[in-house]
Amino acid sequence: MHLRIISSGLAALLAFAAGPALAQGDLTGVWSNASLTQLTRPPGAPLVVSEADAAARAARTAAALAADAKPTDPGKGALGEIAAIGQGFNSFWADAGDSYARVKGQFRSSWLVAPADGQLPLTEAGRALARAAAITRNRQNPDGPEQLAPNDRCIIGSRGSGGPGMLNNLYNSNYQIVQTRDAVVIVVEMAHDARTIPVFPTRAAAQAGHGPAVLRRWLGDSTAWWEGSTLVIETVNVNPAQGEFGPIHLSPSGRVTERLTRASAKQILYEFQVEDPVYYTETWRAEMSLNAIPGPVYEYACHEGNYAMRGILGATRPEPLTPPTRY
């Protein structure tokens with residue numbers, strides 16, 4: 001199975017270099033889902049907002065970022081300076097987008113379209129898992145790397161960038177898609193992920209093409225098929241650590257179905273639904289636009305065991321750590 005996936009990925013890259021992508025549902029290109037729109041909706045907000053409302057919301061966000069990044073007040077002293085420097089640094093590097101997303105010609109206040117209230121329909125187990133994930137995300141004194149979030153360990157990207165489904169981030173919300181008849185490769189800028197997805201002739205063949213359930217991969221076990229001009233991707237068997245951390249929580253029985261349809265020369269309609277009775281009271285669904293950008297996607301090169309990990313752990317340990325091995 002691993003050989004099939006590797007060979008499919010190489011075939012996709014060679015085909016991309018050799019010439020144009022296939023006519024059927026051409027998804028090849030560099031795309032971005034950078035936006036102020038998020039997965040869930042502010043309580044009470046409508047799904048569809050007017051252009052004026054979307055602009056006003058974006059202006060308020062821009063003002064808040066500008067205030068966060070304002071120059072340090074030298075009169076506040078060292079502690080104040082450190083706090084301000086940290087805030088300004090974060091604001092400076094943020095590149096989440098400057099407008100709310102337009103999906104199907106409408107400005108949207110959330111990606112989530114069902115349930116109608118724009119909130120994740122969490123079970124009690126789902127709510128408990130979300131609380132536990134928040135503790136992991138904000139942990140200040142880990143005993144070891146296993147207590148840190150997968151993205152802090154540079155195993156997968158943060159905030160669900162890699163999917164399934166693929167969510168926008170504070171920056172690096174970019175994707176390169178390469179396709180052939182037999183495979184689709186989605187390169188995720190945050191943090192280094194590449195989804196190599198074999199494409200089968202039918203839904204039944206794709207579902208039969210999943211690997212054994214004992215193999216629970218980061219970003220899951222994905223297979224795909226075409227329904228007309230729409231590429232349908234089904235993902236099962238997501239790694240438990242990823243499923244527990246979220247932001248899309250998935251149990252061993254969870255299933256995510258993604259649909260990518262070329263809407264225009266500059267946009268892909270990206271839809272996904274999540275089925276998991278362990279963490280959700282019902283199947284929920286989201287819609288998003290992937291917008292064409294010039295590219296290319298540059299290597300982020302976040303890797304497990306980097307110097308940041310040594311610094312995080314060293315801050316809580318009295319003994320100095322052995323310097324990392326140089327390769």
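Figures for the structure shown
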{"quantity": "Point-to-point label distance, ARG217-LYS70, nm (Cα→Cβ direction, 7 Å offset)", "calculated": "5.0 nm"}
{"quantity": "Pairs of alpha carbons in the stretch 160-249 whose separation is greater than 21 Å (percent)", "calculated": "32 percent"}
{"quantity": "Model label zone, SER253; criterion: amide N under 11 Å from point 7 Å along Cα-to-beta-carbon; scope the stretch 269-298", "calculated": "276-280"}
{"quantity": "Cα gyration tensor shape for the stretch 91-131, rounded if a/c is under 1.5, else prolate or oblate", "calculated": "oblate"}
{"quantity": "Pairwise label distance in nanometres, THR123 with ALA263, each label 7 Å out on the Cα-Cβ vector", "calculated": "3.3 nm"}
{"quantity": "Paired Rg and Dmax values of the stretch 117-211, which use every Cα atom, in angstrom", "calculated": "16.9, 50"}
{"quantity": "Relative packing of peptides 234-240, 144-150 - highest average C-beta neighbours within 10 Å first", "calculated": "234-240, 144-150"}
{"quantity": "Gain upon complete extension [ALA55, ALA133; 0.36 nm per residue less C-alpha separation]", "calculated": "24.8 nm"}
{"quantity": "Cβ-based exposure ranking for TYR298, TYR175, in which fewest neighbours within 10 Å come first", "calculated": "TYR298, TYR175"}
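Readers should treat all values here as calculations from the given coordinates under stated rules, not as data from a laboratory. Note that the structure is predicted; figures quoted are calculated from it, not measured. When we count neighbours, we look across all protein chains shown, and the Cβ atoms used for this are built from the backbone with ideal geometry, even at glycine.
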